[in-house]
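S.K.: Pasting in a structure now, in structure tokens, and then I'll have a few things to ask.
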Amino acid sequence: MGAESDSEEPGASIEVGAEPGTATPRGELGRTPAEAVARARVWAPTRGNRKLERLFDAVNADEQVRAWWHMAEVNAERLAMSDHSWVHIQVVTNIALRIQRLLVKGGIEPAMVTDHGMSVRDSELVVAAAAMLHDIGMSIHRRDHETYSLMLAGPKLNKLLERIYGEPERTVVASEVLHAIIGHRSNGQPYTVEAGVVRIADALDMAQGRSRLPVEAGQVGIHAISAAAIDAVEIGKGDDRPVRVVIRMNNSAGIFQVDDLLAAKIRGTPLEHHIEVVAMVEGESERKLLGEFRLP
């Protein structure tokens, strides 16, 4: 399931990932910009949040944002990386809103409420905007792309938010979005619940087609092999914590994704003690992911 349904029970555990048929093939290279941008759309359940609806409308109507998503994937393909297209943005946005709503349901107040006296709906907008803009800097370069994302997102947010907020609220919201964007880098040190949510949601786009692309491209390092071991990611209400993440693997090599990569994204965030992660290998035998490995 790629998007949480508006009718979905909020506490139910759902599988997150790209909707069937939306996984982007390695095909952005060679497309004209018009062709690539025409199919790029991101949406997630808004649950009556009119501000969030207006944000999605503004982003999807903005051809520059959609062109940045296209160029981020072009550079990902040039580097034989996993998917960084609008499909990745769609998945991360849905995961982020899913986690945010479970945290609120579990009694965790976001920064928009505690620090600014605004509403939970404003916090959802911050999370969604940061999720949709966090990788646009990849359109320029992979290295330091988080900084480039800030450079592009700063002026763009003023336009995207102009029909949603007046001042000074618009500047406060934009600042929190930018904080969440820079917080997704490896040493981002997010200060807010919203920024922690985006950081972790980005790391949780690890299931199925996206994760197997590097292996299919012939890469056999630990990052690629461990990524290919992830079959599904399920997010629901935890037993002792507001959020429970279940990662289903076809091979125990996937534990590298969980222990080394995901755990590093969770540590040091305001969510560190509010999320439980369980990883398991399903079935009696493990899938063979590697025939042989040779050093260069």
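The values are calculated or read from the model by the stated rules, or taken from the named source; none is laboratory data. None of these values were measured; they are calculated from a predicted model. All Cβ positions, glycine included, derive from the backbone under ideal geometry; neighbour counts span all protein chains shown.
S.K.: Could you please find all residues in segment 153-173 being closer than 18 Å to Asp135 by Cβ and hydrophobic (A, V, I, L, M, F, W, C)? Before the answer, list the steps.
M.R.: Kept after step one, since they are closer than 18 Å to Asp135 by Cβ, are these residues of segment 153-173: 153-157, 160.
Ala153, Leu157, Leu160 - these are the residues of segment 153-173 that are closer than 18 Å to Asp135 by Cβ and hydrophobic (A, V, I, L, M, F, W, C).
S.K.: Moving on. Would you check which residues across segment 166-198 are among the polar types (S, T, N, Q) and modelled with pLDDT of 95 or more and list them?
M.R.: Correct list: Thr171, Ser175, Thr192.
Results for (1) on the phi > 0 side of the Ramachandran plot; (2) part of a helix (DSSP H, G or I); (3) touching a residue at least 60 places away in the same chain (Cβ under 8 Å); (4) surrounded by 24 or more Cβ atoms within 10 Å (Cβ to Cβ), shown as yes or no for each residue.
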{"site": "Trp68", "(1), (2), (3), (4)": "no, yes, yes, yes"}
{"site": "Met71", "(1), (2), (3), (4)": "no, yes, yes, no"}
{"site": "Asp83", "(1), (2), (3), (4)": "no, no, yes, yes"}
{"site": "Val92", "(1), (2), (3), (4)": "no, yes, yes, yes"}
{"site": "Leu97", "(1), (2), (3), (4)": "no, yes, yes, yes"}
{"site": "Gln100", "(1), (2), (3), (4)": "no, yes, yes, yes"}
{"site": "Arg121", "(1), (2), (3), (4)": "no, yes, yes, no"}
{"site": "Val126", "(1), (2), (3), (4)": "no, yes, yes, yes"}
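S.K.: Kindly check whether there is at least one residue in segment 219-235 that is under 20 Å from Arg121 (Cα atoms), at pLDDT 95 or above and crowded, with 16+ Cβ neighbours inside 10 Å.
M.R.: No, because not a single residue in segment 219-235 is under 20 Å from Arg121 (Cα atoms), at pLDDT 95 or above and crowded, with 16+ Cβ neighbours inside 10 Å.
S.K.: Oh, and also: Take Pro25 and decide whether it is modelled with pLDDT under 85 and surrounded by fewer than 15 Cβ atoms within 10 Å (Cβ to Cβ).
M.R.: When the stated conditions are applied, Pro25 passes them.
S.K.: Applying the selection to segment 225-268, what residues are assigned to a strand (DSSP E or B) and among the small types (Gly, Ala, Ser)?
M.R.: Initially, segment 225-268 is screened for residues assigned to a strand (DSSP E or B), giving 230-236, 243-249.
Within segment 225-268, Ala232, Gly236 qualify.
S.K.: Taking only pairs six or more apart or across chains, which ones have beta-carbon atoms under 8 Å, a first residue in segment 29-42 that is in a helix (DSSP H, G or I), and a second residue that is of a type in the set (Lys, Arg)?
M.R.: Note: pairs meeting the criteria are Val37/Arg66.
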